[in-house]
Amino acid sequence: MLKLYIVRHGKTLFNEKHLIQGCCDSPLTSEGIQQAKKLHNELKNIPFHACYVSPMHRAIETATIIIQDRDIPLFINNNLKEFNFGSIEGDSEDKLKDIYPIMQGLTVDNFDGETMQEFTKRILKGLDEIHKDHKNGNILIVTHSGVITALLSTISNLPKNDIVHIKNCSVTQLEWNYGWKLCN
């Protein structure tokens, strides 16, 4: 059976300042580095066959810390990058309310980012690529809260309001059982 351990990157400067990151990048804070080191210790006994990571530096740095002294191949997968918020990236998170309809699959005038349908399709393509290469074993994925939230919304029966904020360096587990299922 294939089991995914999906991790949100460690805390970043933009997280700390409540700025929209999306596809732009900001460095891990010292707290974010400590979160990744703690997760390294928590996951050290899980035999990972591979690690797939978003191309964003914050995710790569987190993954590198987690697998630091282990012989685990690391693959960058562009389909695991965060939602593209377009021209509002780097702005205050308060701007998210302006594009909230996009997150519900509706259109918004003058929005130059990604649609939720495009985002979800891209993420599922990334998981399909991983599943194609690995039918069994444990796979570590380091990505972003938007990716994890979209996955949970897509594969679970949870109402969107029940999907809680994904914390930095938290782990979400999925397994392949004739489709992706959330592990209990």
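Read the figures in this text as sums done on the coordinates, not as results from a lab. Given the structure is predicted, the values throughout are model-derived calculations rather than measurements. Cβ sites come from the backbone with ideal geometry, for glycine too, and all protein chains shown count toward neighbours.
Counting only DSSP beta bridges with both residues in the chain, tell me the antiparallel percent, nearest 5. Before the final figure, lay out each step's value.
Numbers: 10 of 25 bridges.
The antiparallel proportion sits near 40 percent.
Which residue, chosen from Gln173, Leu124, Ile20, occupies the Cα position most advanced towards the positive end of the dipole of the chain, where the dipole is computed from +1 (Lys, Arg) and -1 (Asp, Glu) charges on Cβ about the Cα centre?
Comparing the listed Cα positions along the dipole, Gln173 ranks first.
Once the principal axes of the Cα atoms of segment 46-85 are found, what is the range along each, listed largest first in whole angstroms?
35, 16, 14
Which of the lysines could a cross-linker span from Lys135 if the Cα-Cα distance has to be under 26 Å and same-chain partners fewer than 8 positions apart are dropped?
Excluding near neighbours in sequence, the set is Lys3, Lys44, Lys81, Lys121, Lys125, Lys181.
Could you work out how much longer the chain between Asp112 and Asp71 gets when fully extended? Use 0.36 nm per residue separation minus the Cα distance between them, nm to one decimal.
Computed gain between Asp112 and Asp71 is 10.7 nm.
Can you tell me how much longer the chain between Ile33 and Leu13 gets when fully stretched, taken as 0.36 nm per residue apart minus their C-alpha distance, in nm with one decimal? Can you show the working numbers first?
Working: separation 20, 0.36 × 20 = 7.20 nm, distance 1.15 nm.
Extra length from Ile33 to Leu13 when fully extended: 6.0 nm.
I want the local charge near Asp128. Using Cβ-Cβ distances under 14 Å, sum +1 for each Lys or Arg and -1 for each Asp or Glu among the other residues.
Values: positive: Lys121, Arg122, Lys125, Lys132, Lys135; negative: Glu129, Asp133.
The answer is +3.
Using the Cα centre of segment 2-182 as origin and beta-carbon charges of +1 (Lys, Arg) and -1 (Asp, Glu), tell me which of Tyr52, His144, Phe83 is placed farthest towards the positive end of the dipole.
Of Tyr52, His144, Phe83, it is Tyr52.
Just checking my list (1) 32.9, 118; (2) 19.0, 67; (3) 15.9, 49 against Rg and Dmax of the Cα atoms in Å computed from this structure; which label fits?
Computed from these coordinates, Rg and Dmax of the Cα atoms in Å corresponds to label (3).
Charges only on Cβ, +1 for Lys and Arg, -1 for Asp and Glu: so what's the dipole of segment 2-182 about the Cα centre, in debye to the nearest 20?
Charge dipole of segment 2-182: 640 debye, to the nearest 20.
Under the 0.36 nm per residue contour assumption, what length would be gained going from the current alpha-carbon distance of Asn157 and Glu175 to full extension? Display every interim value, and only then the final one.
Details: separation 18, 0.36 × 18 = 6.48 nm, distance 1.55 nm.
Net length gain for the segment: 4.9 nm.
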